[in-house]
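Below is one structure, written out as structure tokens, with a few remarks after it.
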Amino acid sequence: MMFPDLVPELKSAMPELRGKLEANAPTAPLSWFRTGGPAQVLFTPADENDLAYFLQRLDRAVPVLVVGLGSNLLIRDGGWEGVIIRLGKGFADVTVEPGLRVRAGAGAPDVKVARAAAEAGIAGLSFLRGIPGAIGGALRMNGGAYGGEVKDCLVYANAVTRMGETITFQNKDMGFTYRHSSVPDDVIFTEALFEGRPGNPDEILAEMNAITEARSSTQPVNTRTGGSTFKNPPGKKAWELVDAAGCRGLRIGDAQVSEMHCNFLINHGSASAADIEGLGEEVRRRVREMTGVELEWEIKRVGLASASRGKVDPVFRQSDAPLNG
């Protein structure tokens, strides 16, 4: 089932738009799970100015979803009714600046930023090697791994509001807590400036290699997965709760709880988004009954169930998801 084509209307209202508009575009390539229904409109802006121009002229009633690398994103089988904005090459630049600083577009892979910092002898950003996503999502979720978090090294982040206004958030304005920032959902991060500390390139690269090896030996990194499924409850580890509830290896169709790391869900090939989400909810139910703990999803689940067009989840979520994830 396709959505009404909004592209001709949008092109007419935005004659100076430089980015790409696609109607009823497949969303499976946008997420690491490789599932999901169509996007009514997929917009790939050329740069920040193009994004602002688009948002200034877009009907405020149209839901917007922002996607970078799609590593922690599950788009439901009914697709996205509205606009998906994909931050592609125009938001993927990474540059080293004086003062032990690294500037990165919101669509830049976290690992690319970590590598640029390491090669420049800037310590304190190597933890980004352990986050499978892009900078936009790391900002939105205060991404962290292996002893570091975005809040530890962010100077400021640039963004565009739903009204198409550009704005800058200093670190103190981000409202960082565990896997969360308090920046309104109707804000799209476009760029970030990070600051590290002096370090030895060889030592930093060795640290990054150790992170790579640790991930490869403990996580299903070469599968269709969305990364960590549930947030760690205070004082506990989600994977231990999932394991204790007997969910390691639990399967619904082609969706399975990873046997290597049971806070990861895997699509073995033909799982639908409903299979994956249903499996996650079954895990939550079992953990709740076994331990009394209510696991909270870390993966962003958005869009329409295939049989419920017209019912949409929260608008304007920025996932850590460009297609080269």
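See the values below:
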read-out	value
Fraction of the pair-distance distribution of region 211-286 above 14 Å, Cα-Cα pairs, percent	57 percent
Residue (of Thr27, Pro63, Gly78) at the positive-pole extreme of region 20-82, dipole from beta-carbon charges	Gly78
Net charge over other residues, Cβ less than 9 angstrom from the Cβ of Glu294 (K, R count +1; D, E count -1)	+1
Binned Cα-Cα distances of region 18-59, short to long, each 10 Å bin given as a whole percent	28, 43, 27, 2
Relative contact order (percent, whole number), region 214-277, Cα cutoff 8 Å, 6+ residue spacing	35 percent
Percent carbon-and-sulfur accessible area, the chain, ignoring ligands, DNA and RNA, probe 1.4 Å	49 percent
Where GluC sites (Glu not before Pro) fall in DSSP loop in region 153-219, at most 16 other Cβ within 10 Å	Glu165
Antiparallel bridge percentage (DSSP; both residues within the chain; nearest 5)	80 percent
Where Cα atoms sit under 24 Å apart: lysine pairs in the chain separated by 8 or more or lying on different chains	17
Within the chain: Cβ-based charge dipole about Cα centre, in debye rounded to nearest 20 (Lys, Arg +1; Asp, Glu -1)	400 debye
Estimated 222 nm signal from helices in the chain, with DSSP H stretches of n ≥ 4 weighted -39500 (n - 2.57), rounded to 500	-7500 deg cm²/dmol
In region 157-229, the trypsin sites (Lys or Arg not before Pro) that fall in loop regions by DSSP, at most 15 other Cβ within 10 Å	none
Within region 36-120, trypsin sites (Lys or Arg not before Pro) in DSSP loop having at most 10 other beta-carbon neighbours inside 10 Å	Arg60
Cα convex hull of region 116-223 - mean projected area over all directions, nm²	7.4 nm²
Extension gain (nm, one decimal) between Lys89 and Asp254, 0.36 nm per residue minus Cα-Cα	56.2 nm
Correct option for Cα Rg over 2.2 N^0.38 Å [calculated from the coordinates] among (i) 1.07; (ii) 0.98; (iii) 1.14	(ii)
Whole-number percent relative contact order across region 1-155, with pairs defined as alpha carbons under 8 Å at least 6 apart	17 percent
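The values are calculated or read from the model by the stated rules, or taken from the named source; none is laboratory data. Since this is a predicted model, take the numbers as computed values, not measurements. Cβ sites come from the backbone with ideal geometry, for glycine too, and all protein chains shown count toward neighbours. Heavy atoms of the whole protein, side chains included, go into the accessibility calculation; ligands, DNA and RNA do not. Shrake-Rupley method; radii C 1.70, N 1.55, O 1.52, S 1.80 Å.
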